[in-house]
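Below you'll find the structure, written out as structure tokens, and then a few comments.
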Amino acid sequence: MHAMLIRQTGGPEVFEYAEIDTPEPGPGEVLIKVSYAGVNPADWKNRQGYLEQYRPYVFPYIIGFDAAGTVAGVGAGVSGFAIGDRVFTPTNHGQGGQGSYAQYTLANADRVAHIPAGLDERDAAALPVAALTAWQGLFDRGGLQSGQTAMIHGGSGGLGSFAVQFARWAGARVAATCSSANVDYLRELGVERVIDYRKENIAQAIAEWAPGGLDYLMDAVGVSTLPNGLDLVRTGGTFVSIPTLVDDGDIPGAMGAAAEKGVNRVFSVMDDNDCATTLAKIAGLLAAGDIRLPPVREYPLQDVAEVHRQLQEGHNRGKMVLKVDA
Ligand SMILES: NC(=O)c1ccc[n+]([C@@H]2O[C@H](COP(=O)([O-])OP(=O)(O)OC[C@H]3O[C@@H](n4cnc5c(N)ncnc54)[C@H](OP(=O)(O)O)[C@@H]3O)[C@@H](O)[C@H]2O)c1
């Protein structure tokens, strides 16, 4: 198969287009012919070597968590999938498997969901990591309820674009931060109070919009961009940070300060074990028109270095996907 692999960690120039052996599905695994690979900030951090603290890198190494395509084979014990089924998945990359920037990839069956009619593979590839992380941070770990006030710091990125819409779908009142260029975009997504972090004081805007403090805050950017986050949340409220690996600050210190104030403080890392049910639910919301896809920009796999350069700048809107099966 063809793949975009790396033989060492480093800058975007380390990518190399090569032919390698196609993997075989083991027990419980689905082999997927990848049409599109979704791109996440974790990918450039992985390329740079930041994930070494979690597991050793074995080269040649294929990056990429998100994939959408068709089932090309199933391992022993897998039921519910037939050759040719349209599916999407965060793959087994988070568990140390090879990633999705390749013609074929593997995923445990409980991590694979069918793509519903009305959703194409390109768009499905944009979902797994961003949408699952948003869902878990809001609901599974954050316990967001209808009628609560919720602010998403970083509302216009891949994760934020889903988070603001899920929160609104759940009946919360939603505020979100973004730069001037994304103010109209977030209004179109239904955000009640868009805060332009370049022009406005976030604390002042929240004091007016949610007197007494927020019920819920999600930081999807990094602590250096919201150092006073805890001050924005009411006692008894919830403050969820999405760990970035590069701007997470003093986590034990943050937990201690929140405990003193009586705020439920959560650092919510995506968990993709058994995630197929949640993925199917999210795809169903899209297919039903309850939420809409953020803008998805498509690039050929060969342009991955340029895509990583763009993402690394930190001002991405919506999602980027790589067309793998060209
Ligand atoms: N640990 C996990 O399990 C996990 C899972 C998923 C994601 N993450 C992390 O979560 C972060 C967000 O992911 P993503 O996919 O949404 O990234 P993304 O698509 O690159 O979006 C980044 C967003 O951050 C916004 N931003 C940059 N500086 C800002 C500031 N000072 N104030 C407010 N917003 C600012 C940008 O908006 P403007 O252009 O308007 O500035 C952009 O929309 C990344 O660090 C990612 O690695 C972690």
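Read-outs: derived from the displayed coordinates by stated rules, not from any lab. All of these numbers come straight from a predicted model, not from anything done at the bench. Please note: Cβ atoms are built from the backbone with ideal geometry, for glycine as well, and neighbour counts cover all protein chains shown.
For the reader, a short list of remarks on this structure follows.
- Of the trypsin sites (Lys or Arg not before Pro) found in region 7-49, the ones in coil according to DSSP and having at most 16 other Cβ atoms within 10 Å of their Cβ are 7.
- Fluctuation leader among 153, 114, 315 - the chain, Gaussian network, Cα springs under 10 angstrom: 315
- Based on alpha-carbon atoms, the Kirkwood radius and the radius of gyration of region 133-265 give Rg/Rh equal to 0.92.
- Against the empirical 2.2 N^0.38 Å (N residues), the chain has a Cα radius of gyration ratio of 0.98.
- Where both bridge residues fall in the chain, DSSP classifies roughly 55% of the beta bridges as antiparallel.
- Between the alpha-carbon centres of region 285-300 and region 57-71 there is a gap of 22 Å.
- Taking the chain and dividing mean pair separation by its residue count, relative contact order in percent (alpha carbons under 8 Å, at least six apart): 19 percent
- Among 202, 293, 101 the positive-end extreme of the charge dipole of the chain (Cβ point charges): 202
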